[in-house]
Amino acid sequence: MRHKWKEFSYKLFHWEYWSTRAVYLPLSPFWVYYSIKARSLFFFEKTNPAMPFGGMAMTPKSVIYELLPNEYIPKTALILEGEDPIEKVKILGLSYPIIAKPNHGLKGLGVQTISNDQELINYSKTFNLPYLIQEKIPHSNEVGIFYCRYPKTDKGFISGVVQKNFMKIQGDGNHTLEQLIRANPRFNFQIERLRNLWRERWAEVIPEEEEITLLEVGSHTRGAEFINISHLIDERLSSKIEEIASRIPGFYYGRFDVLFRDFESLKDGENFKIIELNGAMSEPTHMYDPSNSLWNAWKEILKHWRIMSEIAVQNKGVPIQKTPFRKGLGLFFENLNLEKQLKKQLSD
């Protein structure tokens, strides 16, 4: 009970852990306003004409990877129901460990490191959904880079960069893994998942100086800490991201999630891979910096909604596969149901 109270009180005074609904619902009148200006409730479709539904909901990751330049993405294959994932591993020429993730995943749910054939088979049985297998990139640094470009301009701009720090603990030779995890309020929100993942070492005293990465997923909902490093944006980084974005037809708004060796190499266009490209659903995740206030986060969200609606207006007349209202509404509900399904499967 004491742990539950500590978790509740910590969450109450740290808005970054509030639910998506709690953060976004107060801003809904502004969404209506931008929809009226753009003359469409689904105005975001014209923000990224190349992406199904603009990349807002239920956009297959496999489709997004096809849009990206091959040299900047990991080796990836889509596994459909009934297909042999082990055969696909051989065809791609992958060596374990590899990454598996749902083709319609979100918030890092269902992303797992797979170490052998049996774990891959178990993953297929657990999720029972179309999923991707992917080479594991040997870099430990991850950033999210938000890119925007107005259709009437030749160049876009980076609106923010977030550094994603994975959950890690440092052993001290005195405390168990459980005790070290519980000492960090941020980690307590992931306690059941971590208990299942680290059950073999849960009661073990971690030797001094041993560092353990608890989860290798750069998702805020999976415990990663987000730090705003937008001050590091410069001409070199902007030029590299512009070069990549300009090769993606029909893309104007979204966030690149990138694994890289070091920031200088990234600026030089070396030693990095794009592991995700998110479209209209993208959040300006640099707003989740723990030092940021809810008021400033709201300002950042509204700023990006405004940019998204202005891009949509400038793309007026661009041919898109317009989504009927009922189908579009259904995609949002599918998205919510998928999130619930993935959370349930992870907790079982």
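The values are calculated or read from the model by the stated rules, or taken from the named source; none is laboratory data. Keep in mind that this is a model prediction, so the values were computed, not measured. With ideal geometry, Cβ positions are generated from the backbone for all residues, glycine too; neighbour counts draw on all protein chains shown. The area values use the complete protein model at the heavy-atom level, side chains included, leaving out ligands, DNA and RNA. Shrake-Rupley method; radii C 1.70, N 1.55, O 1.52, S 1.80 Å.
Share of Cα-Cα pairs in segment 1-131 beyond 19 Å, in percent?
Working: 5637 of 8515 pairs.
Summing the P(r) of segment 1-131 above 19 Å gives 66 percent of all pairs.
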When the charge dipole of the chain is computed with +1 on Lys and Arg Cβ and -1 on Asp and Glu Cβ about the Cα centre, the Cα farthest towards its positive end, among Ile274, Gly173, Pro319, belongs to Pro319
Relative to the chain, whose Cα atoms define the longest principal axis, helix 2-12 and its Cα axis are tilted in degrees, nearest 10, by 20
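How large, in Å, is segment 190-295 by the Kirkwood hydrodynamic radius built from its alpha-carbon pairs?
Values: mean 1/r = 0.0595 Å⁻¹.
The Cα-based Kirkwood calculation yields 16.8 Å.
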Expressed as a percent, the accessible surface of segment 160-275 that is carbon or sulfur, using a 1.4 Å probe and the full set of protein chains, is 46
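Of the peptides 232-241, 245-254, how do they stack up when ordered by the mean number of other Cβ atoms within 10 Å, highest first?
On the way: 232-241: 15.2, 245-254: 19.2.
Taking the mean over residues of other Cβ atoms within 10 Å, the ranking is 245-254, 232-241.
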Here the net charge surrounding Gly328, from other residues whose Cβ is less than 14 Å away from its Cβ (Lys, Arg +1; Asp, Glu -1), is +2
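I'd like to check one number: the per residue accessible area of the chain, probe 1.4 Å, reported in Å² as a whole number. Spell out each step's value before the answer.
Values: 17770 Å² over 348 residues.
In whole numbers, the chain has 51 Å² accessible per residue.
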Measuring from the longest principal axis of the C-alpha atoms of the chain, the long axis of helix 294-314 (C-alpha) lies at a number of degrees, nearest 10, equal to 40
With -39,500 (n - 2.57) per DSSP H segment of 4 or more residues and division by the full residue count of the chain, the 222 nm estimate, nearest 500 deg cm²/dmol, is -11000 deg cm²/dmol
Expected max-MSF residue from Lys164, Lys273, Lys11 in the GNM of the chain (alpha carbon, under 10 Å) is Lys11
If every Lys and Arg gets +1 and every Asp and Glu gets -1 at its Cβ, then about the Cα centre the chain yields a dipole, in debye to the nearest 20, of 1700
Links exceeding 22 Å between C-alpha atoms in this model, out of Lys46/Lys136; Lys37/Lys152; Lys88/Lys343, come to Lys46/Lys136; Lys88/Lys343
Semi-axes (Å, rounded, descending) of the ellipsoid equivalent to segment 261-348 per its C-alpha gyration tensor are 27, 23, 19
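Of the listed pairs Lys267/Lys327; Lys168/Lys303; Lys75/Lys240, which have alpha-carbon separations greater than 31 Å here? Intermediate values should be presented prior to the final figure.
Values: Lys267/Lys327 41 Å; Lys168/Lys303 33 Å; Lys75/Lys240 21 Å.
Listed pairs above 31 Å: Lys267/Lys327; Lys168/Lys303.
May I have the convex hull volume per residue, in Å³, for the Cα set of segment 236-305? Don't skip to the end; give the middle numbers.
Details: hull volume 7.8 nm³, N = 70.
Considering the Cα atoms of segment 236-305, their hull volume per residue is 112 Å³.
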The helix 325-347 Cα axis meets the longest alpha-carbon principal axis of the chain at an angle in degrees, between 0 and 90 and rounded to 10, of 10
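Report the equivalent ellipsoid semi-axes for segment 99-200 in whole Å, largest first, defined as the square roots of five times the eigenvalues of the gyration tensor built from alpha carbon atoms. Let's see the in-between values first.
Working: eigenvalues 203, 106, 30 Å².
Output for segment 99-200: semi-axes of 32, 23, 12 Å.
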With the convex hull built on the alpha-carbon atoms of the chain, volume per residue in Å³ sits at 151
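Could you grab the relative contact order for the chain? Cα pairs under 8 Å, six or more apart, rounded to a whole percent.
Details: 578 pairs, mean separation 87.3, N = 348.
Once divided by the residue count of the chain, the mean separation gives 25 percent.
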Burial-style ranking of 143-151, 33-41, average other-beta-carbon count within 10 Å with highest first, yields 143-151, 33-41
